[in-house]
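Undergrad: Would you mind keeping the following structure in view while I ask a few things?
The values are calculated or read from the model by the stated rules, or taken from the named source; none is laboratory data. Keep in mind that what you see is a predicted model, and the values were worked out from it rather than measured. FYI the Cβ positions are ideal-geometry reconstructions off the backbone, even for glycines, and counts take in every protein chain you see. What goes into the accessible areas is simple: the full protein's heavy atoms, side chains included, and nothing from ligands, DNA or RNA. Shrake-Rupley method; radii C 1.70, N 1.55, O 1.52, S 1.80 Å.
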Amino acid sequence: MPQNLQQTRPGIGTTALVFMIIAASAPLTVLAGGVPTNFAVAGILGVPLGYLAIGLIILLFTVGYVAMSRSISNAGAFYAYITEGLGNRQGIAAAILALVSYNLMQCGLYGLFGFSLAAFLSTLFGIHISWWVAALLGWVCVGLLGVASIDLSAKILGLLVALEFLVVIIVSALALTEPPEGISSQTIEPQDFFTTGIGVLLAFSIAAFMGFESGAIYSEEVKDRKRTVARATYIAVTLIALFYAGTAWAFAMGVGPSAIIAQAQEYGPDLVFVWLAERSPALAHTANALFITSLFAALLAFHNAAARYFFSLGRSRVLPGLLGRASTSGSPLYGSALQTVLALLVLLIFAVLGQNSEHGELYPVLTLFTWFTNAAAFGLVFLLTITSVAVICWFAHNPADHSLWVRLIAPGVSALALAVVAFLILWNFDIMIGSQDGSPLVYVMPAVIMGSGVLGLAWGHYLKHRRPDVYQAIRHLDHQESTDPGSQPS
């Protein structure tokens, strides 16, 4: 019988899972990096409405996604759902594409984490270390937590996310205390959103939600398979959308609607810290420190997601079976170890390539972080689109007592909307990676994502004809249903 994760109680509860989902989207990182970047690059005031629009699309996706999760409990969510809805080969292709996307996202975050931690230590304590040394410090911690009990990761992520929320709320409150132009409805009016730049805005805004789908990845490790994932996903997506929209509006009021775009273009991600330093240097330093822990929380969240995909593929023997083994703590032992090794290789390669780079200290941010995370965002949005289609196909054969809204309308609208967002990311990819000179990376990075899917299809074809026993068993091995809603797998 295939091995499952978290085979001992009590499992993850709804609150803990909400924090784990939100950790991947990194609230403070969105405020410090995403909000100013959206204002600067899109050049329009409707950033808060951008978060609400993407949130609505994600909620539509979530309707069918979580309904299907009540029947399918698997550590490789996209893999299992697309396998069940569209077939084994398509599921394998989705799994390889998801693996590449999650690993790119996780590895790319080390670039920003290493740069930010090194800069923080230098500024505050006079300790000068290279970005890659700082990144390796985070790498060690993530690697150790990755093989520990998921309960420990949940507690750490819960604490870090709670602190992030606290700081973001304080920043928003400060912004609304003395707004230079008063409090207004600017930035949340339709004409501020439906204008030139909306495509770029939506392409960038989707990044704030990356990781929301990870709730289903922990479906084998939750207390109640029939309810926990659904509740946590709905709560997390709603909180993320409303919180980010409210935060973006409040910060724009604090800077001033007439000045926010120009200042965002001048200071970039430093705008929040520059603005805070003018009001409270102590709070600015605190926010900076929590910005780093926010990145660490996202690193750990995406590490856990990638490790569980390795586990799921190893358990079904699509990849070497060794990856399908869990540790005594119930975590994916070899999947976690492999992700850790891959991250180390990427860090070492970029550490060598970055020597004497013309980008100077910003090298890991402008290359590793920017290239990898934007490519990963495209990959994950593309997967969301395909998963919406798979949900429709699965419900066509397994309607049960679900309404037409759940089976067709919500996933159908989300599929179309997500396809548009995926196209917008590709269309604006040169802007997203900061390429102004026709860099081949504009084509190479998306090609890596799509190429991984093609490779997955080819591997599925090979398994079908050369290892038919593995191929035929995939759907059964990866469809881990529980008849008792509160039971844990045995």
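Undergrad: Taking the criterion of being under 25 Å from the mean Cα position of the chain (by Cα), β-branched (V, I, T) and open to solvent by less than 10 Å² (accessible area, probe 1.4 Å), would at least one residue in region 184-207 satisfy it? Outline the logic, then answer.
TA: At the first step, the residues of region 184-207 found to be under 25 Å from the mean Cα position of the chain (by Cα) are 193, 197-207.
Still in the list and also β-branched (V, I, T): 198, 200, 206.
Filter once more, so that each one left must be open to solvent by less than 10 Å² (accessible area, probe 1.4 Å): 206.
Yes, region 184-207 contains a residue that is under 25 Å from the mean Cα position of the chain (by Cα), β-branched (V, I, T) and open to solvent by less than 10 Å² (accessible area, probe 1.4 Å).
Undergrad: In region 134-171, what count of residues is obtained for those that are open to solvent by 20 Å² or more (accessible area, probe 1.4 Å) and in contact with a strand residue (DSSP E or B) (Cβ under 8 Å, 6 or more places away or on another chain)?
TA: We begin by selecting, within region 134-171, every residue open to solvent by 20 Å² or more (accessible area, probe 1.4 Å); these are 136-137, 139-141, 144-145, 147-149, 151-152, 155-156, 159-160, 162-163, 165-166, 169-170.
Filter once more, so that each one left must be in contact with a strand residue (DSSP E or B) (Cβ under 8 Å, 6 or more places away or on another chain): 151.
So the answer is 1.
Undergrad: Scan I261, I217, I198, I240 and give me the residue that is modelled with pLDDT of 95 or more and β-branched (V, I, T).
TA: That would be I261, the only listed residue that is modelled with pLDDT of 95 or more and β-branched (V, I, T).
Undergrad: Looking at (1) touching a residue at least 40 places away in the same chain (Cβ under 8 Å); (2) open to solvent by 70 Å² or more (accessible area, probe 1.4 Å); (3) hydroxyl-bearing (S, T, Y), which one does S452 not meet, given that it meets all the others?
TA: Failing condition for S452: (2).
Undergrad: Just one of the numbered conditions (1) closer than 22 Å to V272 by Cβ; (2) outside any loop (DSSP other than H, G, I, E, B) is not true of S153; which one?
TA: Just one mismatch for S153, condition (1).
Undergrad: Among A376, A307, A351, which is under 23 Å from P269 (Cβ atoms), surrounded by 23 or more Cβ atoms within 10 Å (Cβ to Cβ) and in contact (Cβ under 8 Å) with a residue 24 or more places away in the chain?
TA: A376
Undergrad: For G254, indicate whether it is at positive phi and in a helix (DSSP H, G or I).
TA: Judged against the criteria, G254 is not a match.
Undergrad: Only one of (1) over 24 Å from the mean Cα position of the chain (by Cα); (2) under 26 Å from S149 (Cβ atoms); (3) in contact (Cβ under 8 Å) with a residue 12 or more places away in the chain is not met by A298, so which one is it?
TA: The failed condition is (1).
Undergrad: Quick check on my filter: what residues within region 399-413 are buried (at least 19 other Cβ atoms within 10 Å of the Cβ) and under 25 Å from the mean Cα position of the chain (by Cα)?
TA: Listed by number, the residues that qualify are V406, A410, P411.
Undergrad: Only one residue in L322, L362 is surrounded by fewer than 19 Cβ atoms within 10 Å (Cβ to Cβ), without any contact (Cβ under 8 Å) to a residue 24 or more places away in the chain and not in a loop (DSSP other than H, G, I, E, B), so which one is that?
TA: Numbers: L362 fails: without any contact (Cβ under 8 Å) to a residue 24 or more places away in the chain.
The match here is L322.
Undergrad: Taking P257, is it within 21 Å of the chain's Cα centre (by Cα) and surrounded by 16 or more Cβ atoms within 10 Å (Cβ to Cβ)?
TA: Spelling it out, it is not the case that P257 is within 21 Å of the chain's Cα centre (by Cα) and surrounded by 16 or more Cβ atoms within 10 Å (Cβ to Cβ).
Undergrad: While we're here: Which one of L368, L384, L416 is among the hydrophobic types (A, V, I, L, M, F, W, C), open to solvent by 20 Å² or more (accessible area, probe 1.4 Å), at negative phi and part of a helix (DSSP H, G or I)?
TA: Details: L368 fails: open to solvent by 20 Å² or more (accessible area, probe 1.4 Å); L384 fails: open to solvent by 20 Å² or more (accessible area, probe 1.4 Å).
Answer to the check: L416.
Undergrad: Pull up region 264-299, narrow it to residues that are at pLDDT below 90 and under 18 Å from A207 (Cα atoms), then point me to the one that is most open to solvent (accessible area, probe 1.4 Å).
TA: P269
Undergrad: Of the conditions (1) surrounded by fewer than 16 Cβ atoms within 10 Å (Cβ to Cβ); (2) closer than 24 Å to T62 by Cβ; (3) modelled with pLDDT of 95 or more, A396 satisfies every one except a single condition; which number is it?
TA: (3)
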